[in-house]
Amino acid sequence: MLEVRDLVVRYGPVVAVDGVTLSVPAGPAGLGLVGESGSGKTTIGRAIVRLTEPASGEVTVDGLNAFNAKRGDLKADRKSVQIVFQDPDSTLDPRMRVGPAITEALRAHAVVERSAWPARVTELLTAVGLQAEHADRLPHQLSGGQRQRVAIARALAVEPRLLVLDEPTSALDVTVQARVLELIAGLREERSLAYLLISHNLAVVEQLCEQVAVLYLGQVVEQGEAARVLTWPVHPYTRALRTAVPELSETLPAPATKRAEPPNPADPPPGCRFHPRCPLAVDRCRSERPLPREVGGRLVACHRAEDSLAETRG
Amino acid sequence: MLEVRDLGVWFGDRQVVAVDALDLDKSQTLGIVGETGSGKSMTAYAIAGLAPGMGARVEGSVKLDGQELIGLSDGALRDIRGRRIAMIFQAPISSLNPVFRVGDVFLRALRLHGASKADARERAAEAMRSVALSPDLLHRYPHQLSGGQAQRVAIAMAVALRADVLIADEPTSALDVTVQAEILDVLEKLRAEESLAMLFISHDLAVVSGICDTVAIMYDGEVVERGPVSETLHHPSHPYTRELLAAVPKLTTPEATDA
């Protein structure tokens, strides 16, 4: 239902997103976008909801091109794709009570008749695990987890085809996060939701997504089934990311990467962007950009993917 | 070496910390874990002597090698904080003055604690190497450092001052996971090589389980469970510890699927 083809987004001289191709099938379905600071994952999410203008590329939702749409169609696009941010406070007006905040979305997109608004607000609040009386609260009278639930309720108000969830639980305490993740998992089945989940937390992505794309400096380095890619990563960057995640059961493994100056997105390295930190890099990696190809049941952009796969299979 | 007993922190009538006991030895790392509002950071600030400056009233006892720190004068505390107890924060850039080069900050701190100019330069360079940074970075301004580099500089400062106790308040929470792994490596190495005792404040149970020897779980200002990491995090007994552990999203391990 969502197709992103060769998306390029520039901020001045910086190519934040450099030729990214992704797709999300009709719901219930989740695609996880993982990567570290500067990988471009948030920019991709913003481009999909048209908060950022891309330099080139194509984004289609249900076959309709999101960028060529006429001005009037923009509203229709916004109705089909909604975004939930990390910080719910950035989307909630501190002086507006929860009920009117949700009603505003219903009115703007003319989702239901005016007479049905109060009932719809109650229904949405219940759907996200809140009660009807929360409609009278101001944002500061709610906890962080409750505010994020309100942000989700408001996004759902327009019955979007696709949700972009940008680090929806990263600002929350772990017990609160667990309940919001449960909520998303529940809504996904009840409402046949399709979503793009942007997260730095690999375990959250594994829990909520069938598919995952791993980004490094604006490019997808590995893409495929989440269970496969995250458990058996092939690209040296995905492997480094995976081993760097501290786990409860074991002591911290040494990072597989070489220590190097952090990459500069304004002046990315030639060839493979990861080569300065890559333990497997050879001459070819320093000069020739690897294109995504299928290795070990997923797409990997790495000249040495076969060797890397052999290493992980140990 | 560090002994905390009946520590209470109050803001007006409201008590935010009520910790009965915490102990930390040389070369040991004690993790303090809790969620927002659990009092874990305020406990650290109280131990470092920073809480009164934030308008809090502190009761109880904090002893460093037998010396009572609670009730010491500001001057005496500042001396201990500079020399024996160092603190690093989640936002490393906040511990560096933006208008001074990194090296100048080192020199001022070391000179203040009685080092000669030549000695101070030597110790700054040595400290930078101990956290795997090039001494060349001493010529940079804080904004010319990445987040990971800035945090390593803050740690190097503690090394240069030869602190015995490092209080680290969420030192890796703002960093990317691969950078976090590098910082944790550096801390692990300092603990072994410099016999550094560390109080590691974190919301991340997995990080704590990797780097700490003992752990205290805080809830609503109190320590609800404490003990060796192996016992407390792998066989938790308090229902809150169990809830916290169950809430952590977990990745499938290759072993689990390979069988």
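The values are calculated or read from the model by the stated rules, or taken from the named source; none is laboratory data. Only a predicted model underlies this, so the values are computations on that prediction, with no experimental measurement involved. For neighbour counting, all protein chains shown are included, and Cβ atoms are generated from backbone atoms with ideal geometry for every residue, glycine included.
Numbers at a glance
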{"read-out": "Meets criteria (surrounded by fewer than 17 Cβ atoms within 10 Å (Cβ to Cβ) and either under 18 Å from the mean Cα position of the chain (by Cα) or part of a helix (DSSP H, G or I) (or both)) for B:GLU122", "value": "yes"}
{"read-out": "Residue in region B:10-21 that is closer than 20 Å to B:LEU161 by Cα and modelled with pLDDT of 90 or more present", "value": "no"}
{"read-out": "Residue count for region A:244-256, restricted to those that are modelled with pLDDT of 65 or more and either away from chain B (no Cβ under 13 Å) or closer than 14 Å to A:GLU36 by Cβ (or both)", "value": "2"}
{"read-out": "Residue list for region B:43-81, restricted to those being surrounded by 17 or more Cβ atoms within 10 Å (Cβ to Cβ), farther than 22 Å from B:VAL16 by Cβ and touching a residue at least 60 places away in the same chain (Cβ under 8 Å)", "value": "B:LEU64"}
{"read-out": "Selection from region B:233-246 of residues that are touching a strand residue (DSSP E or B) at 6+ places or on another chain (Cβ under 6 Å) and more than 12 Å from chain A (Cβ to nearest Cβ)", "value": "B:HIS238"}
{"read-out": "Residue tally, condition surrounded by fewer than 24 Cβ atoms within 10 Å (Cβ to Cβ), over 15 Å from B:LEU187 (Cβ atoms) and either within 14 Å of another protein chain (Cβ to nearest Cβ) or touching a helix residue (DSSP H, G or I) at 6+ places or on another chain (Cβ under 9 Å) (or both), over region B:208-226", "value": "7"}
{"read-out": "Verdict on B:SER230 being of a type in the set (S, T, N, Q) and away from chain A (no Cβ under 12 Å)", "value": "no"}
{"read-out": "Subset of region B:15-56 [farther than 12 Å from B:ASP220 by Cα, assigned to a strand (DSSP E or B) and of a type outside the set (A, V, I, L, M)]", "value": "B:ASP20, B:ASP23, B:THR29, B:GLY31"}
{"read-out": "Filtered residues of region B:169-199 (kept if under 22 Å from B:SER146 (Cα atoms), more than 10 Å from chain A (Cβ to nearest Cβ) and within 14 Å of the chain's Cα centre (by Cα))", "value": "B:ASP169, B:GLU170, B:PRO171, B:SER173, B:ILE183, B:VAL186, B:LEU187, B:LEU190"}
{"read-out": "Search result, residues across region A:209-232 that are over 29 Å from A:ARG10 (Cβ atoms), more than 8 Å from chain B (Cβ to nearest Cβ) and buried (at least 22 other Cβ atoms within 10 Å of the Cβ)", "value": "A:ALA226"}
{"read-out": "So B:ALA168, is it under 21 Å from A:VAL245 (Cα atoms), at pLDDT 90 or above and small (Gly, Ala, Ser)", "value": "yes"}
